[in-house]
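Asker: So that we are looking at the same thing, I have put the structure below in structure tokens.
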Ligand code: HEM
């Protein structure tokens, strides 16, 4: 297993290189929206210009979340998990793979130093956030299953 700090350094510099030309997030949304009619339907009423700023911010938190997150970063991730959960926007777990693949594709287009090792490092960082969002998708996740008032239909 690679040293986490090394992964964080690599993706941090990769994102800095991508941000020099400012197209990585546009490319990401182009790929993500084209990835499935379900994704396009979920985002049909979204102000994409506003969303692009929010995603830039979220990506920075995603990197911090992978390694030694602050209380602010954890709170940010919990807020994203809550808005994406079944009881809110109902972002189904299978859609996260499309998010990750669109992001890796956009990085490959925008980072001149992109290579298979860096792809693996980004994948590790994104998977860490995705695993958390999916674990909190359903209020009846293992974390809350023991609380019958929050999870009346748990089996
Ligand atoms: C790691 C993956 C993801 C991250 C980090 C992420 C992050 C965010 C953030 C920061 C926001 C704005 C604040 C909020 O509503 O919580 C947002 C909104 C949203 N996200 Fe995600 N998201 C992810 C995956 C997805 C996926 C897979 C979908 C599926 C279509 C999705 C659909 C949406 C929608 C519909 C909104 C609301 C946009 C609006 O306000 O109109 N997200 N996301």
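The values are calculated or read from the model by the stated rules, or taken from the named source; none is laboratory data. Everything numeric in this text was worked out from a predicted model, so none of it was measured. Cβ sites come from the backbone with ideal geometry, for glycine too, and all protein chains shown count toward neighbours.
Asker: What is the number of the single condition among (1) surrounded by 17 or more Cβ atoms within 10 Å (Cβ to Cβ); (2) more than 13 Å from the chain's Cα centre (by Cα); (3) within 7 Å of the ligand (Cβ to nearest atom) that residue 62 does not meet?
Answerer: Looking at each condition in turn, residue 62 falls short on (2).
Asker: Quick test for you: out of 98, 107, pick the one residue that is near the ligand (Cβ under 9 Å from one of its atoms), more than 14 Å from residue 58 (Cβ to Cβ) and surrounded by 15 or more Cβ atoms within 10 Å (Cβ to Cβ).
Answerer: 98
Asker: Still on this structure, I have one more. Residues of the stretch 71-91 being surrounded by fewer than 15 Cβ atoms within 10 Å (Cβ to Cβ) and either under 20 Å from residue 10 (Cα atoms) or near the ligand (Cβ under 8 Å from one of its atoms) (or both), which ones?
Answerer: So the first thing to find is which residues in the stretch 71-91 are surrounded by fewer than 15 Cβ atoms within 10 Å (Cβ to Cβ), and the list is 71-72, 74-75, 78-79, 82-83, 87-90.
Once the filter is applied, which keeps residues that are surrounded by fewer than 15 Cβ atoms within 10 Å (Cβ to Cβ) and either under 20 Å from residue 10 (Cα atoms) or near the ligand (Cβ under 8 Å from one of its atoms) (or both), the stretch 71-91 yields 79, 82, 83, 89.
Asker: Can you tell me which residue is modelled with the lowest pLDDT among those in the stretch 12-28 that are in a helix (DSSP H, G or I) and surrounded by fewer than 18 Cβ atoms within 10 Å (Cβ to Cβ)?
Answerer: 19
Asker: Are any of the residues in the stretch 31-43 modelled with pLDDT under 95 and touching a helix residue (DSSP H, G or I) at 6+ places or on another chain (Cβ under 9 Å)?
Answerer: no
Asker: OK, next. Take the residues in the stretch 44-57 that are more than 15 Å from the chain's Cα centre (by Cα) and more than 8 Å from the ligand (Cβ to nearest atom); name whichever of them is modelled with the highest pLDDT.
Answerer: That would be 44.
Asker: Continuing with this model, one more query. So, residue 88, is that one touching a helix residue (DSSP H, G or I) at 6+ places or on another chain (Cβ under 8 Å) and assigned to a loop (DSSP other than H, G, I, E, B) or not?
Answerer: Values: touching a helix residue (DSSP H, G or I) at 6+ places or on another chain (Cβ under 8 Å): yes; assigned to a loop (DSSP other than H, G, I, E, B): yes.
Yes, satisfied.
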